[in-house]
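Chemist: First the structure, then my questions, so here it is.
The values are calculated or read from the model by the stated rules, or taken from the named source; none is laboratory data. For clarity, every value in this text was computed on a predicted model and none was experimentally measured. Backbone-built Cβ (ideal geometry, glycine too); neighbour counts: all protein chains shown.
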Amino acid sequence: MDGGMIADKTVAEHIVDYLARRDTKHVFGLCGHTNIAVLAALADSPIDFITVRHEQIASHAADAYARVQGGASVVLSHLSPGLTNCATGVANAALDCIPMVVIAGDIPTHYYGKHPHQEVNLHADAAQWEIYRPFVKRAWRVDRADLMAEILEKAFHLAESGQPGPVLVNVPMDIFSEVIPSDTFDRVAQNTKSLKKPSIDDETAGDIVEALAKAENPVAYVGGGILLAKASDELDAFVSHMGLPVAHSLMGKGALSDAHPLVMGMTGFWGTELVNQSCLNADYVFAVGTRFKEADCSSWYPGYTFNIGAEGNDTKVIHIDIEPQEIGRNYPTEIGVVADARSALRVLNRVAKEMYPNGIDRTEKTAEIASFRETFKASNLDMQTSDAFPLMPERILADTRGALPDDAIITTDVGWNKNGVGQQFDILTPGSILTPGGFATMGFGPPAAIGAKLAAPERVVISLVGDGGFGQNPSMLATAVELNLGIVWLVMNNNAFGTIAGLQKAHYGLTYGTTFPGSAEAPTNGPGYAEIAKAYGAEGQRITSADELLPALKAAIASGKPTVLDVPMINNPTPTTGHWNILDIYSPNDDVSHVAT
């Protein structure tokens, strides 16, 4: 071979070399007889294999890892049950547009049609790759070793380009072990590692800037696309220059610091009165990197969050998104632009400064935001300082914010730790909150913290999770202990699937199948999460009074050890000002809340 290029090796060895050239530092997964050739190749490589006890832990950890470090993460899976165990985490990544390459082992090619051990074959032979087709951007089955390099290259480019997302590369185990020359991998080594993203032209930028400058009540509405594009600085510059108040979706939480004077908060069902009313009254909505999802838009009912398209309403939408299908999907759009958020905002900033060098001053709106913020914080003060035990959820969030540095990474799950955090918990460093949005997967937060800590080992990482979510995959503690990851898992323990229990109680008058025996203060034969932590080799503490929490949090962070804090919590609802259609489905024509009063 010339130029010191890679000599004949197994396909598995070529794959590992390829990943190393892409600066892959970690691969998440679990062993199986179909993928041990890849593990053997990883053993002598600079890449660390992160072993887990359940494949869903691997895919959730890889999801968070990609969110923090920015490029596609890599998951290595076994066939059939390994691949299906992994599926929920991959689907969660897909719904949140997180780039991920899943490499899965499969049955040998020479056994196609013979129905060997663990084959998915009920409707087609060697068909496990089809399981992922509904949610990955593309699924490949590699049937020839000489196609491996080309498919891997396409997989990474597709995962990271356009609207990002996971892809599947399904590899029969005999192909992993086949020895091939390096020429196909040498060829792709000369290719670009990333594709240039589309931007916006000056003329369109000028139209947008002029419309927003002349608008009386404009609102910037931003989603997770800002964070995916790493466009927080550019967004900050544009809204500050144009004086645009900022509303955000759940996934847009942390696009800007919540301390920013123009940030109003999260919209929709769990939104506040300020942000929902501002969006209702907007004459222009400048939307960037958002899909106008149901809960963020009060099920698209007029009169709650947006009046866009409603009879007699003239709210206009300017929508910038990397994915054309998102523009106009839920609301009519006056100006639709297919572009990368960061690239587009850079052009908009330049054009805005040329057209309006002194910027746009909306002092009255800024003052309104500051006043509401002060009033809203005061309205929560009693709950945040309450000595009640079990603890008020507001007290848990307030003490957590007080214990954390500004740049701590928070992973959430579902329930109060997601909805309440979106509404009341200040994110002070853009991109420092990781939330399961589209799939809203219970059990995301605890393993996501592992991926976040591996991607940013120098930062404090805390997982805010309910007892239901923590119980999904507590074996993630084994991985955290083995890698000595100083993560804190704060279990907001209401001894229930609390949000669903509230819904069921409100509409059906009971909590069958939604609560656990006993109470948060005294569960009956329930799991002791602190003891579970200790059994895995982590630190564990059950909080027994409100005043214990803050010092326990500070001590856990300072220790640098994996720690579980079991915090009994009253199952109070997250306050809402928006609407959710499920209320109408359960109790049509009745004014029933999402929780019994």
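Chemist: When you go through N484, N571, N589 one by one, which is the residue that is surrounded by fewer than 22 Cβ atoms within 10 Å (Cβ to Cβ), at pLDDT below 95 and either in a helix (DSSP H, G or I) or polar (S, T, N, Q) (or both)?
Modeler: Result: N589 is the single residue among N484, N571, N589 that is surrounded by fewer than 22 Cβ atoms within 10 Å (Cβ to Cβ), at pLDDT below 95 and either in a helix (DSSP H, G or I) or polar (S, T, N, Q) (or both).
Chemist: On to the next question. Quick one: what pairs do we get from region 368-383, first residue farther than 22 Å from A546 by Cα, second outside any helix (DSSP H, G or I) and of a type in the set (V, I, T), C-beta under 8 Å, 6+ apart or different chains?
Modeler: Listed pairs, sorted by first residue: I369/V263; F372/T272; F376/T272.
Chemist: Going through region 87-120 one residue at a time, which ones are over 16 Å from the mean Cα position of the chain (by Cα) and assigned to a helix (DSSP H, G or I)?
Modeler: The answer is T109, H110, Y111.
Chemist: Report, by residue number, each residue of region 286-302 that is buried (at least 24 other Cβ atoms within 10 Å of the Cβ) and closer than 19 Å to A229 by Cβ.
Modeler: Matches in region 286-302: F286, A287, V288, G289, T290, R291, F292, D296.
Chemist: Moving on. Among the residues of region 521-566 satisfying the criterion of being at pLDDT below 95 and out of contact with any Gly (no Cβ under 9 Å at 6 or more places or on another chain), which is surrounded by the most Cβ atoms within 10 Å (Cβ to Cβ)?
Modeler: First, the residues of region 521-566 that are at pLDDT below 95: 521-528.
Subsequent filtering for residues that are out of contact with any Gly (no Cβ under 9 Å at 6 or more places or on another chain) retains 521-523.
Numbers: E521: 13, A522: 11, P523: 17.
So, considering only residues that are at pLDDT below 95 and out of contact with any Gly (no Cβ under 9 Å at 6 or more places or on another chain), the one surrounded by the most Cβ atoms within 10 Å (Cβ to Cβ) is P523.
Chemist: Now, a different point. Looking at D201, D283, can you tell me which residue is under 30 Å from L158 (Cβ atoms) and surrounded by fewer than 20 Cβ atoms within 10 Å (Cβ to Cβ)?
Modeler: Details: D283 fails: under 30 Å from L158 (Cβ atoms).
Just a single option satisfies the conditions, and that option is D201.
Chemist: Next question. Mind checking whether some residue in region 490-511 is part of a loop (DSSP other than H, G, I, E, B), modelled with pLDDT of 90 or more, hydroxyl-bearing (S, T, Y) and surrounded by fewer than 20 Cβ atoms within 10 Å (Cβ to Cβ)?
Modeler: Yes, that holds for at least one residue.
Chemist: While we're on this one: If the Cβ limit is 6 Å and pairs must be 6+ apart or interchain, which residue in region 431-445 that is of a type in the set (F, W, Y) pairs with which residue that is surrounded by 24 or more Cβ atoms within 10 Å (Cβ to Cβ) and part of a loop (DSSP other than H, G, I, E, B)?
Modeler: Pairs that qualify, where the first residue is of a type in the set (F, W, Y) and the partner is surrounded by 24 or more Cβ atoms within 10 Å (Cβ to Cβ) and part of a loop (DSSP other than H, G, I, E, B), are F444/D413; F444/P436.
Chemist: Of all the residues that make up region 245-280, how many are part of a loop (DSSP other than H, G, I, E, B) and either surrounded by fewer than 23 Cβ atoms within 10 Å (Cβ to Cβ) or hydroxyl-bearing (S, T, Y) (or both)?
Modeler: Total meeting the criteria: 9.
Chemist: Quick one: count up the residues across region 496-555 that are of a type in the set (A, V, I, L, M), closer than 30 Å to P588 by Cα and in contact (Cβ under 8 Å) with a residue 60 or more places away in the chain.
Modeler: 4
Chemist: Now, a different point. If you scan region 554-583, which residues turn out to be aliphatic (A, V, I, L, M) and closer than 17 Å to F389 by Cα?
Modeler: So the first thing to find is which residues in region 554-583 are aliphatic (A, V, I, L, M), and the list is 555-558, 564-565, 567, 569-570, 582-583.
Selection gives L565, V567, M569, I570.
Chemist: Anything in region 398-408 that is free of Cβ contacts under 8 Å to residues at least 60 places away in the same chain and surrounded by 18 or more Cβ atoms within 10 Å (Cβ to Cβ)? List them, or say none.
Modeler: A398, R401, A408
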